[in-house]
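Visitor: Below are the structure tokens for one structure; questions will follow.
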Amino acid sequence: MADPMNIAARIRARRANARNRKAVARAIDSAATPAMRHELMAIAQAQLNNLR
């Protein structure tokens, strides 16, 4: 059977990832210029590639 602490840690990590994704999406949506939006999207994509 799975360790309950491990399950709790996984839930916390998933919630943290969801919060981060929402924050990045808000930042991209509220970017002042198209260039800034593009730069934020590039940074977000680079971070996703590093996590995998």
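The values are calculated or read from the model by the stated rules, or taken from the named source; none is laboratory data. Everything numeric here is computed off the predicted structure, so don't read it as measured data. Backbone-built Cβ (ideal geometry, glycine too); neighbour counts: all protein chains shown. Heavy atoms of the whole protein, side chains included, go into the accessibility calculation; ligands, DNA and RNA do not. Shrake-Rupley method; radii C 1.70, N 1.55, O 1.52, S 1.80 Å.
Visitor: So if R0 is 35 Å, what FRET efficiency would Arg10 and Ser30 give, r being the distance between their Cβ atoms, rounded to the nearest 0.05?
Guide: After rounding to 0.05, the efficiency reads 0.70.
Visitor: In degrees between 0 and 90, to the nearest 10, how far off the longest principal axis of the chain does helix 4-29 point, with axes built from Cα atoms?
Guide: With both axes taken from Cα atoms, the answer is about 10 degrees.
Visitor: How big is Rg to Rh over the chain, alpha-carbon atoms, Rh as the Kirkwood inverse-mean-distance radius?
Guide: 1.18
Visitor: Note down the magnitude of the dipole of the chain about its Cα centre, charges +1 on Lys and Arg C-beta and -1 on Asp and Glu C-beta and zero elsewhere, to the nearest 20 debye.
Guide: That gives a dipole near 200 debye.
Visitor: Over the chain, what percent of the accessible surface lies on carbon and sulfur atoms, probe 1.4 Å? Walk me through the numbers on the way to the answer.
Guide: Numbers: 2820 of 4840 Å².
Answer for the chain is 58 percent, counting heavy atoms of protein chains only.
Visitor: OK, next. Send over a whole-number figure in Å² for the accessible area per residue of the chain, probe 1.4 Å.
Guide: 93
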